[in-house]
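Colleague: Can you keep this structure in mind? I'll have questions shortly.
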Amino acid sequence: MLKHAVLKGLVPALVVLLAGCASQGPATGPSGAPLGGTCNAQPAQSAVGKNSTAKVVEAARVSAGALMARIIRPGQMVTKEFDAERLNLEVDAAGRIVAVRCG
């Protein structure tokens, strides 16, 4: 009898916990557009030739529509996986941006 009562209380608790895990759909910004998304390096090409300051990197990331930006220094090892939401900024030894691409 006690076992049955415990199970009766446990089932609704599990339902509530699982409902909390349900997806509400993709996150959206104030305009209803998805936050971040697929990177497009073309609008960020204006960063080429500029110093890779935090302000310049963030402006390039935003203009590319990328969720994240990565600075790649000369000789730096990087992962090979392609990430459609990442902007890669290649810099020279002085920290000047020499290439902008997604991945």
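What follows draws every value from the coordinates through simple rules; no lab data is involved. Quantities reported herein were computed from a predicted structural model and do not represent experimental measurements. Don't worry about glycine lacking a Cβ; one is built from the backbone with ideal geometry, like all the others, and counts go over all protein chains shown.
Colleague: What number comes out for the charge environment of Asp92, summing +1 per Lys or Arg and -1 per Asp or Glu over other residues with Cβ under 12 Å away? Spell out each step's value before the answer.
Modeller: Details: positive: Lys50, Arg73, Arg96; negative: Glu90.
The answer is +2.
Colleague: Shifting gears a bit: Give me a comma-separated list of calculated 3J(HN,Hα) values for the stretch 83-88, in order, Karplus coefficients 6.51, -1.76, 1.60 applied at θ = phi - 60°, integers in Hz, x for any Gly or Pro.
Modeller: 10, 5, 9, 10, 9, 9
Colleague: For the stretch 35-103, what class follows from the C-alpha gyration tensor (a ≥ b ≥ c being the square roots of its eigenvalues): rounded when a/c is under 1.5, otherwise prolate if a/b is larger than b/c, else oblate?
Modeller: oblate
Colleague: Okay, moving on. Which cross-chain or sequence-distant (5 or more) residues have an amide H under 5 Å from the amide H of Ala99, H modelled 1.01 Å from N in plane?
Modeller: Glu90
Colleague: What net charge is computed for the residues neighbouring Ala64, neighbours being all others with C-beta under 13 Å from the C-beta of Ala64, Lys and Arg scored +1, Asp and Glu -1? Intermediate results must be reported in sequence, preceding the final value.
Modeller: Numbers: positive: Arg61, Arg70, Arg86, Arg101; negative: Glu58, Asp83, Glu85.
Charge balance in the 13 Å sphere: +1.
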